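Where a number appears in this text, it was derived from the coordinates with a stated rule and is not lab data. Remember, it's a predicted structure, so these values are computed and weren't measured experimentally. For neighbour counting, all protein chains shown are included, and Cβ atoms are generated from backbone atoms with ideal geometry for every residue, glycine included.
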Amino acid sequence: MDARARFDEIAADLEVSNPDVQLGQMMGHPCIKASGKIIASFQSEKDSIAFKLPDEAERAKTLALEGAVPFEPMGKGKVMKEWVEVPVAHGPKWAELADTALRLRRENP
């Protein structure tokens, strides 16, 4: 699976079907925004996507996926609160996770 192509497909689908979704950049990486707030970011060096999941149960469920880890963008021990990085091995779940991140953003403006 081409991880970047999968991210681009998910981002385009969300942007087309949701007027509050825009594409942008987060720390030099492509990202998906909802109402101006970032909900997902593609991590090219790891072929993964980091998702913002403010709901503790959703975050725990996602962290249970093999290889999923708390998102640590700088690699220096500082984890971004509420974010989970999910590897390409779970690419088939990325669209569902992006939908969840979007739903949670709308529920927690």
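Count neighbours as other Cβ atoms within 10 Å of each site's Cβ, and list the chymotrypsin sites (Phe, Trp or Tyr not before Pro) in the chain that are DSSP loop with at most 16 such neighbours.
Working: sites: F7, F42, F51, F71, W83, W94; in loops: F71.
Filter output for the chain: empty list.
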Original post:
Calculated from DSSP H runs of 4 or more alone, at -39500 (n - 2.57) each and per residue, what is the 222 nm mean residue ellipticity of the chain, nearest 500?
Top reply: -11500 deg cm²/dmol
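Can you check what the net charge comes to around K81, using other residues whose Cβ is under 12 Å from the Cβ of K81 (Lys, Arg +1; Asp, Glu -1)?
On the way: positive: K52, R59, K78; negative: E56, E72, E82.
Result for the local shell: 0.
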